[in-house]
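Notes for the one structure printed next.
The values are calculated or read from the model by the stated rules, or taken from the named source; none is laboratory data. Note that this is a predicted model, so its numbers are computed, not measured. Methodologically, a virtual Cβ is constructed for each residue, glycine included, from the backbone with ideal geometry; neighbour enumeration extends over all protein chains shown. For accessibility, only protein heavy atoms count, side chains too; no ligands or nucleic acids. Shrake-Rupley method; radii C 1.70, N 1.55, O 1.52, S 1.80 Å.
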Amino acid sequence: MTPTEIRPGLEGLTVAETRLSDVDGEAGELVIAGFPVETLARKASFEETLFLLWNDRLPTQDEHAALRKDLAARRSIGPEVRAILERAAGEDVPAMDALRMGVAAASMDAEVADHQAQARRAVAVLPTIVGTYWRYREGAEPVAPRSDLGHAANALYVLTGESPADHESRGLETYLNTVVDHGLNASTFTARTVVSTKSDVISAVTGAVGALKGPLHGGAPGPVLEDLLAVHETGDPAGHVRETLAAGDRLMGFGHRVYRVRDPRAAVLSAAAEAFFAEAEDDFFQTVETYERVALDLLAEHKPDRDLETNVEFYTATILHGLEIPRDLFTAAFAMGRVGGWTAHCLEQLADNRLIRPVGHYVGAEDRPWIPRDERTGN
Ligand code: ACO
């Protein structure tokens, strides 16, 4: 490739070998470290998924127990970090900004001597940061993380202050597994770029949180939930879809840059959400299913030459709403899962590192004369 062959957004450019995940947009398949996402999301604990990504194999029973214990020991934050989160909550700083501040401080109050320890600390502490921030925002005192709970159950506990039911923990765990990794998306590539300078994993996760915050990356589930709640209230999905499309707006939760068929993660989360709402005896899922069917029919009429299918954000909104995770925390909940992928990519990058350093094609001015400051006109 010559330097002037520019690929805006690096689209379609292969920049690394990875054993972590493979996205096939035409077939609608996502493989995570050798397992179809459908298998991994349903069967694995989040600790098992982390071990798999970090070590390229599933853990034995003893290794699983040891990782669970190790992560549980890395969940706490000290008074200085709590104070940052309290101030952020008091000033209504958005959740992703508070998360970025909290993660940046995660190398305090913890042993993070090597990259493995940094990866474990980043994953373990994220729920504590999010839960502490949210409880301050709600005017409640934070609760200390519980070492007797698995990662997903504890993530719900630090948010609500109550022990979650099994189906709630499993619902969140399935979600975390489903979104743990997805190729070289913007936040993952950010994390790899940061560690490629031989920086540390906490810095990489801090940068990745910043990248995920942008609405082009992690922001769709909130608006999807608004649509679903409106339709649940009116009982008129067709009216809502027609109105949205007639206004020239896009229907949130449908369409994808890579997938041309139904996003496989939507299927996994749909099944998980169905089981979850059945257990909770809540009829919200019927609204969701009807809305999806009606929306797909009307989108096919609206854009007959384009396969617009359900994407992961549609069922992310469904399942997170079922778990009573507040809308303001949707992107932060995504980060709690994706941090597994970020850290695994960091370790993979560091194991065979090459500084990430692309080139830009200069199109600026040439041969400018230097004019002394007091003689410049500003043109
Ligand atoms: N509703 C209505 N029309 C749509 C939708 C939609 N959800 N998605 C695409 N289209 C239409 C576009 O208006 C466009 O029409 P045009 O050719 O007349 O201008 C055509 O389909 C192609 O649109 P593109 O933006 O080129 O399609 P692309 O595949 O690149 O877009 C995207 C992908 C950005 C996700 C888009 O489908 C969208 O905006 N969806 C809604 C937002 C959403 O759900 N985002 C989450 C994506 S999943 C994720 O990020 C993990």
Where a ≥ b ≥ c are the square roots of the eigenvalues of the C-alpha gyration tensor, would you call the range 29-140 rounded, which needs a/c under 1.5, or, failing that, prolate if a/b is larger than b/c, or oblate? prolate
In order through the range 7-20: 3J(HN,Hα) via Karplus (6.51 cos²θ - 1.76 cosθ + 1.60), integer Hz, x for Gly, Pro: 10, x, x, 6, 4, x, 8, 8, 10, 7, 8, 9, 9, 8
The answer for chymotrypsin sites (Phe, Trp or Tyr not before Pro) in the range 25-121 that fall in a DSSP coil and have at most 14 neighbouring Cβ atoms within 10 Å is none
Tell me the mean residue ellipticity at 222 nm calculated for the chain from its helices only (DSSP H runs of n ≥ 4, each -39500 (n - 2.57), averaged over every residue, nearest 500). -18000 deg cm²/dmol
Which value, in Å² rounded to 10, gives the accessible area of Leu298 with a 1.4 Å probe and all protein chains present? 20
Rank these by accessible area, largest first, 1.4 Å probe: His182, His302. His302, His182
Gain on full stretching of the segment that runs from Gln116 to Arg57 - 0.36 nm per residue minus C-alpha separation: 19.6 nm
Within the range 119-216, which trypsin sites (Lys or Arg not before Pro) sit in a loop by DSSP and count at most 11 neighbouring Cβ atoms inside 10 Å? Lys198
For the range 146-242, what size does the Cα cloud have along each of its three principal axes, sorted from largest down, in whole Å? 54, 40, 20
Amide H neighbours of Ser21 at under 5 Å, excluding residues fewer than 5 places away on the same chain, with H built from the backbone geometry, are Ala33, Gly183
Choose one answer from Ser45, Ser203, Ser163: the residue with the largest mean-square fluctuation in a GNM of the chain with alpha-carbon springs under 10 Å. Ser163
Would you compute the Debye intensity of the chain from its alpha-carbon atoms alone, equal scatterers and no solvent, and pass along log10 I(q)/I(0) at q = 0.06, 0.13 Å⁻¹ to two decimals? -0.25, -1.07
Which distance in nm do the two modelled labels at Ile6 and Ala300 give, with both placed 7 Å along the Cα-to-Cβ direction? 4.1
Just flag the GluC sites (Glu not before Pro) in the range 267-339 sitting in loop per DSSP whose Cβ has no more than 14 other Cβ atoms within 10 Å. Glu281, Glu324
Which three numbers, in whole Å and largest first, are the semi-axes of the equivalent ellipsoid of the range 308-379 derived from its Cα gyration tensor as √(5λ)? 47, 24, 14
For the range 1-34 and the range 209-248, what is the centre-to-centre distance using only Cα atoms, to the nearest Å? 28
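Within a Cβ distance under 11 Å of Glu348, other residues only, what is the Lys/Arg minus Asp/Glu net charge?
The answer is -2.
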Convert each backbone phi in the range 316-326 into a coupling constant with the Karplus relation 6.51 cos²θ - 1.76 cosθ + 1.60 (shift: θ = phi - 60°), then list the ³J(HN,Hα) values in order as whole Hz, x for Gly and Pro. 4, 4, 4, 6, 5, 5, x, 7, 6, 7, x
Please compute the Cα-Cα pair-distance distribution of the range 1-79 with 5 Å bins starting at 0, giving whole percents from short to long. 3, 12, 17, 15, 14, 12, 10, 9, 5, 4, 1
